[in-house]
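So the structure is just underneath, and the comments pick up after that.
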């Protein structure tokens with residue numbers, strides 16, 4: 001795969017000036033009833049989405065922050081720390097650079113991890129986000145919070161099929177690699193978001 005082409009897509013996130021986070025944006029983060037996620041997790045996920053923006057504003061100059069949360073019952077019973085945090089820059093964050101996050105993603109059972117991070121330039125789900133979401137079997141839900149408090153997300157449903165999902169995302173990557181401008185890159189991502197239900201992935205934005 002052409003990494004330079006993938007990096008080009010991330011330029012779509014850089015085309016707009018970073019938005020500074022306000023208290024109003026934090027309070028705006030919606031309560032969402034995520035399909036195929038245990039109901040008892042909804043309040044926690046909303047609190048963590050707000051915490052992403054709080055940490056970004058207070059400690060990272062409104063740049064990207066990732067929070068990773070596991071609701072794996074084995075980890076809960078073992079009394080393990082269930083949350084990892086990592087600070088990125090204006091255009092990216094690598095959650096796995098944080099040792100606790102790495103542990104949660106690598107050791108949690110399948111579909112028991114929630115990964116959240118913010119997008120300072122207000123973009124929604126990116127191709128890099130999609131690849132991260134599909135790569136790790138433990139990740140059930142990927143939540144993107146813009147610096148204005150809007151949320152978009154991907155969740156693996158009970159109909160999720162890993163092999164079909166990988167075939168589909170490879171098709172999307174091929175579309176991306178054939179594009180030569182930001183509009184073409186965005187079109188590839190939109191194609192994924194419009195059709196991912198066919199491989200058992202739910203997409204929504206609020």
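Each value in this text was obtained by applying a stated rule to the coordinates, not by laboratory testing. What you see is a predicted model, and the numbers here were worked out from it, not measured in a lab. Here the Cβ positions follow ideal geometry from the backbone for every residue, glycine too, while neighbour counts run over all protein chains shown.
Here is how the numbers come out for the structure above:
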item: Gap separating the Cα centres of segment 21-62 and segment 79-103, nearest whole Å; result: 16
item: 17, 28, 140 arranged by Cβ crowding within 10 Å, fewest neighbours leading; result: 17, 28, 140
item: Among 63, 150, 36, residue whose mean-square fluctuation peaks in a GNM of the chain (springs only between Cα atoms under 10 Å); result: 36
item: Segment 179-201 versus segment 128-143: alpha-carbon centroid distance in Å; result: 16
item: Helix-derived mean residue ellipticity, 222 nm - over the chain, DSSP H n ≥ 4, -39500 (n - 2.57), to 500; result: -13500 deg cm²/dmol
item: GNM result for the chain, Cα springs below 10 Å: residue of 166, 67, 105 fluctuating most strongly; result: 166
item: Residue order, fewest to most surrounding Cβ atoms within 10 angstrom, among 48, 77; result: 77, 48
item: Least to most buried among 110, 24 (fewest other Cβ within 10 Å first); result: 24, 110
item: Directionally averaged shadow of segment 73-206, computed from the convex hull of its alpha-carbon atoms, nm²; result: 8.6
item: The chain, relative contact order [Cα under 8 Å, separation at least 6], %; result: 23
item: Among 141, 53, 82: highest mean-square fluctuation, GNM of the chain, C-alpha pairs under 10 Å; result: 82
